[in-house]
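The values are calculated or read from the model by the stated rules, or taken from the named source; none is laboratory data. Just so it is clear, the structure is predicted and the values come from calculations on it, not from any experiment. Cβ placement follows ideal geometry from the backbone for every residue including glycine, while neighbour counts extend to all protein chains displayed. Side chains are part of the model used for accessible areas, which takes the heavy atoms of the whole protein and leaves out ligands, DNA and RNA. Shrake-Rupley method; radii C 1.70, N 1.55, O 1.52, S 1.80 Å.
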Amino acid sequence: MATGHRQIARGQPVCLPSHIRCIITAEIVLCEFSPGAKRGINTTNVAPPKFTKIPTDQIGVSGGVASFVCQATGNPKPVVYWNKKGKKVNSQRIETVEFDEGAGAVLRIQPLRAPRDENIYECVARNSEGEVSVTAKLAIIREDLLPFGFPSIDMGPQLKVVERTRTATMLCAASGIPDPEISWFKDFLPVDPSASQGRIKQLRSVVNESLVLETDWMVLRKCQLGDGAERAYSVRRVPPRFSILPSNHEIMPGGSVNITCVAVGSPMPYVKWMLGSEDLTPEDEMPIGRNVLELNGVRESANYTCVAMSSLGIIESTAQVLVKTLPKPPGTPIVTETTATSVTITWDSGNPDPVSYYIIQYRAKGPDSKYETVDSITTTRYSIGGLYPNTEYEIRVSAFNSIGQGPSSTRVEARTGEQAPASPPRNVQAHIISQNTVMVRWEEPEEPNGQVEM
């Protein structure tokens, strides 16, 4: 026999490289070797590839991640790979992770980019007996355009540090309409509890669309054996704890808000909402694990309390809903200094919460005068310049926040100081009364800038 060939008996299972050329005779199979991965082959039971896991169409969120799982069986064991537009996928953001000795492959895309990643992806399974393919479509939606009911993860798994041989528990809760299916991945590969020899147990909670993945320590209270007998197993009991704490919110008057509260434990706790001593969740409608408080037309600020309870204890957490209103009027301005052309005032904010800025309005006192405005003042002291000398002014202050301008303070009056006349006397006239006497008459200047004295 030439070098690079092997003779085997018909029906004998052997491992051969992936690229082989075989000549079948009545009693033997003569195979020529070339470089490649070894594959199991049984000459009496060859079969073309057949998919055991088929990828499904997905809708992803821009910036998120999408994973397509594809697996096939056959004899020889097939090779599974992914194509995009007829070519093998090749991108820094697109990764193919093989498993099951190459008979399965996960196509992972992260982060998703639209429209670049929106396409039809093809999974191909091939062996020496044939080739099959299946396709899956990927669509991508911007996060701000997600439709109502789109799945969302309310509680994701957390980093766990456990001793070797000990048990770890991973929790995941999701919501959506209809109820979403939750899948688990380890190192980007799908988790199959049935293949873990009992080390991984997956328990689903149909209430509140949550899924709990348990490893080892949580088992059924009773396990039916093959002989029909039942044995009791212990269940680890855990007091309730919050996995998602209710958060504070600021809203406009008449606005709406949803507050989410999620608690876990073993047994899973009931969750309700309270306002003071008033129960907002009816006792016969109290959900398990997750409760969303929906508030509409809110006019007043209030504190809402989420209560989680089980047979092992009761815990609670409070969220504040602050209804933002127009700022209150500042305190009455106080005149601290005047000159011929300016007035300096100070005032108290009058608001317990910070304001964006203050607005000063002033006008010369008179029936037809209009207010002048100075805004964007960030301090509680200001000098108003460019005023007329010896003129009485009315001054008021208001505050501005994200809602708008609040009411004005009480007005204060202030008169500017005098200064030298800005123009000469008018209509000066002289009359000789006698040889030693002259009478002079005049009118006051147009801009006397104060009380003219002789």
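Farthest towards the positive end of the charge dipole of region 311-388, among the residues Leu387, Thr338, Leu322, is the Cα of Leu387, using unit charges on the Cβ of Lys, Arg, Asp and Glu. With 22 Å as the limit, write out which pairs from Lys53/Lys186; Lys87/Lys186; Lys137/Lys186; Lys328/Lys365; Lys77/Lys137 have Cα-Cα distances beyond it, or answer none. Beyond 22 Å: Lys87/Lys186; Lys137/Lys186; Lys328/Lys365; Lys77/Lys137. Here each label is just a point 7 Å from Cα along the line to Cβ, and for Ser376 and Leu326 those points are 2.4 nm apart. Quarter the surface of the alpha carbon convex hull of region 250-390 and you get the mean projected area, 12.9 square nanometres.
Among the aspartates and glutamates, select those whose C-alpha is under 19 Å from the C-alpha of Lys272, and discard any that sit fewer than 8 residues away in the same chain. Candidates past the 8-residue exclusion: Asp154, Glu209, Glu283, Asp284, Glu285, Glu294, Glu316. Give the aspartates and glutamates whose C-alpha is closer than 12 Å to that of Lys324, dropping any in the same chain fewer than 8 places away, or say none. Partners found: Glu250, Glu300, Asp353. For region 346-454, which whole-number percentage of the solvent-accessible area (1.4 Å probe, protein heavy atoms only) is attributable to carbon and sulfur atoms? Ligands and nucleic acids excluded, carbon and sulfur reach 46 percent. For region 368-384, putting each phi into the Karplus relation 6.51 cos²θ - 1.76 cosθ + 1.60 with θ = phi - 60° gives couplings of 10, 6, 10, 6, 9, 10, 10, 10, 6, 8, 9, 10, 9, 9, 7, 10, 8 Hz, in residue order, rounded to whole numbers and with x for Gly and Pro. Converting phi to 3J(HN,Hα) with the Karplus coefficients 6.51, -1.76 and 1.60 and the offset θ = phi - 60°, region 332-348 yields 4, x, 10, 7, 10, 6, 9, 10, 5, 10, 8, 9, 9, 10, 10, 7, 8 Hz in sequence order, with x at every glycine or proline.
Using a Förster distance of 25 Å, how high is the FRET efficiency between Arg441 and Ala420, based on the Cβ-Cβ distance and rounded to 0.05?
Values: r = 22 Å, r/R0 = 0.89.
Working from the Cβ atoms, E equals 0.65.
Stretching Asn296 away from Glu131 to a fully extended chain increases their span by 53.6 nm, per 0.36 nm per residue minus the current alpha-carbon distance.
Cβ-Cβ distance of Glu95 and Ser256, R₀ of 41 Å, FRET efficiency by 1/(1 + (r/R0)^6): the value works out to about 0.50.
Dividing the convex hull volume of the alpha-carbon atoms in region 63-106 by its residue count gives 82 Å³ per residue. Sequentially through region 320-331, phi angles give Karplus couplings (6.51, -1.76, 1.60; θ = phi - 60°) of 9, 9, 9, 8, 6, 10, 4, x, 6, x, x, x Hz, Gly and Pro residues having no value and appearing as x. Cβ-Cβ distance of Asp144 and Ala47, R₀ of 60 Å, FRET efficiency by 1/(1 + (r/R0)^6): the value works out to about 0.75. Comparing region 313-400 with the 2.2 N^0.38 Å rule of thumb, its C-alpha radius of gyration ratio is 1.54 (two decimals).
How far, in nm, would the chain grow between Arg411 and Ser196 when pulled straight, counting 0.36 nm per residue and subtracting the alpha carbon separation?
On the way: separation 215, 0.36 × 215 = 77.40 nm, distance 7.98 nm.
Working it through step by step, the gained length comes to 69.4 nm.
Rg and Dmax, both from the Cα atoms of region 344-446 and both in Å, are 22.3, 79.
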